[in-house]
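The values are calculated or read from the model by the stated rules, or taken from the named source; none is laboratory data. As the structure is a prediction and not an experimental result, all values here were calculated from the model. Ideal geometry is used to build each Cβ from the backbone, glycine not excepted, and the neighbour counts take in all protein chains shown. What goes into the accessible areas is simple: the full protein's heavy atoms, side chains included, and nothing from ligands, DNA or RNA. Shrake-Rupley method; radii C 1.70, N 1.55, O 1.52, S 1.80 Å.
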Amino acid sequence: MSNKKIREIAVAWKEYKQPYVKQSTMAAYVLILENHIIPYFGNQMMSEITAGQIIQWQNEMQTKGFSEAYLRMIQ
């Protein structure tokens with residue numbers, strides 16, 4: 001497990017991933033990170049996130065009225 005916060009991992013991941021995907025795909029990934037993942041997990045250490053927290057987050061995402069396709073992309 002990582003000793004970094006999710007926010008830090010997201011920044012590193014974006015830098016790594018950007019050269020390998022189209023600009024529109026990267027923009028979609030960034031929106032998902034900034035709107036759904038970082039607000040919920042951003043300040044937590046990767047090593048501290050539990051399966052229960054992920055399930056709770058997934059359940060909350062399902063209550064927001066998103067399409068099944070968008071939920072799959074977020075998760």
Count of residues meeting criterion [touching a helix residue (DSSP H, G or I) at 6+ places or on another chain (Cβ under 7 Å), within 19 Å of ILE54 (Cα to Cα) and in a helix (DSSP H, G or I)] in the stretch 1-28
4
Would you confirm whether or not the stretch 2-25 contains a residue that is aromatic (Phe, Trp, Tyr) and touching a Lys or Arg at 6+ places or on another chain (Cβ under 8 Å)?
no
For ALA51: the one exception among (1) among the aliphatic types (A, V, I, L, M); (2) open to solvent by less than 40 Å² (accessible area, probe 1.4 Å); (3) more than 14 Å from the chain's Cα centre (by Cα)
(2)
How many residues are closer than 21 Å to GLU8 by Cβ, among the polar types (S, T, N, Q) and not in a helix (DSSP H, G or I) when one looks only at the stretch 31-74?
3
Name the one entry in GLN62, GLN18 that is under 15 Å from MET73 (Cα atoms) and open to solvent by 70 Å² or more (accessible area, probe 1.4 Å).
GLN62
